[in-house]
Each structure stands twice: as C-alpha cells, then as structure tokens.
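The values are calculated or read from the model by the stated rules, or taken from the named source; none is laboratory data. Keep in mind the model is a prediction, meaning the values are calculated, not measured. In this analysis, Cβ positions are derived from the backbone assuming ideal geometry, glycine residues included, and neighbour counts consider all displayed protein chains.
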Amino acid sequence: MAYVYQHIRKDKNNVFYIGIGSDKNYTRANNFKGRNEIWNNIHNKTEVFVEILFENITWTEACEVEKKLIFQYGRLIITQVFWLI
C-alpha cells in the first residue's frame, strides 16, 4: 500500500513538494534528511509542514494522484525532480 503527501512552506503557506511513500508510520513523508539542495534551501528558510493527502492506496493509484497534483499546482523540473512552483 502507498500514500501521497505534500510539504507546505509555513512562511508562504503553499505546497512546494508532492511525494509518495509506502512505509508504515509515514517515515518518508516526515524524514527531512536525504532531500536535495533545493528542498533543503526552502527548509533552511522556513518550517515545513507535512500533510498526508491519500493513504492505503495502491502504488499505481499513488502515482496517478501524484501526477494530477503536480499538474494542478504546476511544476518546475530541475535535475529530473519535480518541484512545485
């Protein structure tokens, strides 16, 4: 089973990252280590809130939801990573 989550900037109250996880306890969504430079730059400027949007869905469903959300918010492609703008 999988889940879809978003990271929200506290300073602007907007979503800047959409992700998928499959672990129990939402470890990936709440783990701020191992993120790339762009994510870390945002995190260094402001607090980041985590919101679980969908849970207990298949990986395929999670991928579809992720695509739709990225399309909805817009995206900036940098080094093969999708970043919301």
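For the stretch 32-52, filtered to residues that are touching a strand residue (DSSP E or B) at 6+ places or on another chain (Cβ under 7 Å) and surrounded by 15 or more Cβ atoms within 10 Å (Cβ to Cβ), the residue that is modelled with the lowest pLDDT is ILE38. Looking only at the stretch 1-46, residues that are at positive phi and outside any loop (DSSP other than H, G, I, E, B) come to 2 in all. Filtering the stretch 3-48 to residues that are of a type in the set (Gly, Ala, Ser) and within 14 Å of TYR73 (Cα to Cα) leaves only GLY19.
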